[in-house]
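Trainee: Just dropping this structure here.
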Amino acid sequence: MKVASRVIAPVVALETTLLLHGVPKEASLQMARDLASDVMAGGAKPALVGVVAGEAIAGLRDDELDVLLAAAKVPKANTSNLGVLLARHSHAATTVSTTMEIAAAAGIRVFATGGLGGVHQGWTQHLDVSADLMAFTRFPVAVVTSGCKSILDVIATRELLETLGVPVVGFRTDRFPAFYQRESAAGVDARFDDIDELARFVSLELARTGRGVVVANPIPVADELPAAEFAGWLAAAQKVVSNAGGAGGRDATPAVLGQLHALSGGATLRANVALVRNNARVAGQLAAAMHRLA
Ligand code: PSU
Ligand code: MN
């Protein structure tokens with residue numbers, strides 16, 4: 001695909017759905033700035049990925065981000081609707097799946113996000129599985145992520161990654177993280193404690209398979225949310241969304257996240273910001289090490 005790429009290695013891709021749909025609008029700009037400086041602190045250059053007036057861009061300029069932030073509603077794009085949005089010269093916020101697609105086309109091999117989309121819990125009433133998971137079978141990008149949000153069925157999501165043959169490696173952990181919590185009941189395929197060793201593996205694996213790698217990086221200890229308290233907020237958030245008539249398709253994830261941020265008095269938002277920033281730092285270090293060791 002044709003991508004406007006404005007970056008030189010080592011580079012870390014960042015996504016726009018997290019900014020535009022995952023956190024309240026007031027928090028978006030600060031988060032974008034913080035993530036950029038975290039990637040640089042790790043030793044790499046940030047490339048915010050998004051679509052402006054039908055142009056897929058890796059490395060949005062500030063003025064282009066401003067355009068997206070000012071737009072009334074920016075559609076959320078996964079690999080299924082990206083093409084239509086491009087063809088119609090629309091703006092779009094890229095999720096994990098489309099950020100991987102655009103990053104890969106721009107030659108970027110590392111991407112930092114918060115959590116992967118995955119298998120939704122029963123409240124959606126129908127099977128709802130994120131396109132993020134399939135994207136790992138198509139695009140050679142390593143995604144540094146705190147597992148998948150505990151609003152999802154974490155264990156089913158981990159099982160599906162296994163089914164798809166996606167390598168899931170832990171950075172300084174043996175467990176598959178559950179976003180707000182450092183650990184879930186599921187494990188990883190291998191643990192790496194050393195960033196250089198991780199970099200060597202990721203470079204080899206991306207080149208060997210032409211597919212993606214999940215680099216699971218848990219939320220910092222100090223920012224973890226107590227599991228029991230979170231479970232209460234989640235049940236309440238799901239009830240609010242269901243009582244309001246439910247949310248399906250691409251609206252399911254933002255609907256529950258928005259309710260959680262409100263019901264927890266901002267605690268889930270603070271945890272979310274902390275873990276994404278930590279992922280941006282580790283991704284910066286990973287990209288720098290991959291570049292250095294190449
Ligand atoms: N993780 C977050 N906040 C988010 C998302 C992930 O902490 O907003 C976004 C990502 O862009 C991810 C998307 O790709 O949610 C998954 O959406 P869906 O479940 O519709 O595939
Ligand atoms: Mn879905």
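Trainee: Look at residue 185 and say whether it is open to solvent by 40 Å² or more (accessible area, probe 1.4 Å), without any contact (Cβ under 8 Å) to a residue 24 or more places away in the chain and within 16 Å of residue 150 (Cβ to Cβ). Show your work before the answer.
Mentor: On the way: open to solvent by 40 Å² or more (accessible area, probe 1.4 Å): yes; without any contact (Cβ under 8 Å) to a residue 24 or more places away in the chain: no; within 16 Å of residue 150 (Cβ to Cβ): yes.
Judged against the criteria, residue 185 is not a match.
Trainee: Tell me yes or no: at least one residue of the range 240-253 is touching a residue at least 24 places away in the same chain (Cβ under 8 Å), open to solvent by less than 50 Å² (accessible area, probe 1.4 Å) and more than 16 Å from ligand 2 (Cβ to nearest atom).
Mentor: The answer is no; no qualifying residue exists.
Trainee: Can residue 86 be described as assigned to a strand (DSSP E or B), open to solvent by 10 Å² or more (accessible area, probe 1.4 Å) and at pLDDT 95 or above?
Mentor: When the stated conditions are applied, residue 86 does not pass them.
Trainee: Exactly one condition in (1) touching a residue at least 60 places away in the same chain (Cβ under 8 Å); (2) in a strand (DSSP E or B); (3) over 28 Å from residue 267 (Cα atoms) is not met by residue 101; state its number.
Mentor: (2)
Trainee: Now for a separate question. Could you run through the range 64-81 and say how many residues are surrounded by fewer than 21 Cβ atoms within 10 Å (Cβ to Cβ), farther than 17 Å from residue 4 by Cβ and of a type in the set (A, V, I, L, M)?
Mentor: So the answer is 4.
Trainee: When residues of the range 122-150 are filtered for being more than 9 Å from ligand 1 (Cβ to nearest atom) and assigned to a loop (DSSP other than H, G, I, E, B), how many remain?
Mentor: Qualifying residue count for the region: 10.
Trainee: Inside the range 254-277, can you point out the residues that are touching a Leu at 6+ places or on another chain (Cβ under 7 Å) and β-branched (Val, Ile, Thr)?
Mentor: Listed by number, the residues that qualify are 268, 276.
Trainee: Another question, then. For the structure I just gave you, tell me whether residue 122 is more than 21 Å from residue 31 (Cβ to Cβ), touching a residue at least 60 places away in the same chain (Cβ under 8 Å) and surrounded by fewer than 24 Cβ atoms within 10 Å (Cβ to Cβ).
Mentor: Values: more than 21 Å from residue 31 (Cβ to Cβ): yes; touching a residue at least 60 places away in the same chain (Cβ under 8 Å): no; surrounded by fewer than 24 Cβ atoms within 10 Å (Cβ to Cβ): yes.
No, not satisfied.
Trainee: Determine whether the range 248-260 contains at least one residue that is hydroxyl-bearing (Ser, Thr, Tyr) and more than 16 Å from ligand 1 (Cβ to nearest atom).
Mentor: no
The values are calculated or read from the model by the stated rules, or taken from the named source; none is laboratory data. Bear in mind that the values here come from a model prediction, so they are computed numbers and not experimental data. So basically every Cβ, Gly included, is an ideal-geometry build from the backbone, and we count neighbours across all protein chains shown. Note: accessible area is taken over every heavy atom of the protein model, side chains too, but ligands, DNA and RNA are not part of it. Shrake-Rupley method; radii C 1.70, N 1.55, O 1.52, S 1.80 Å.
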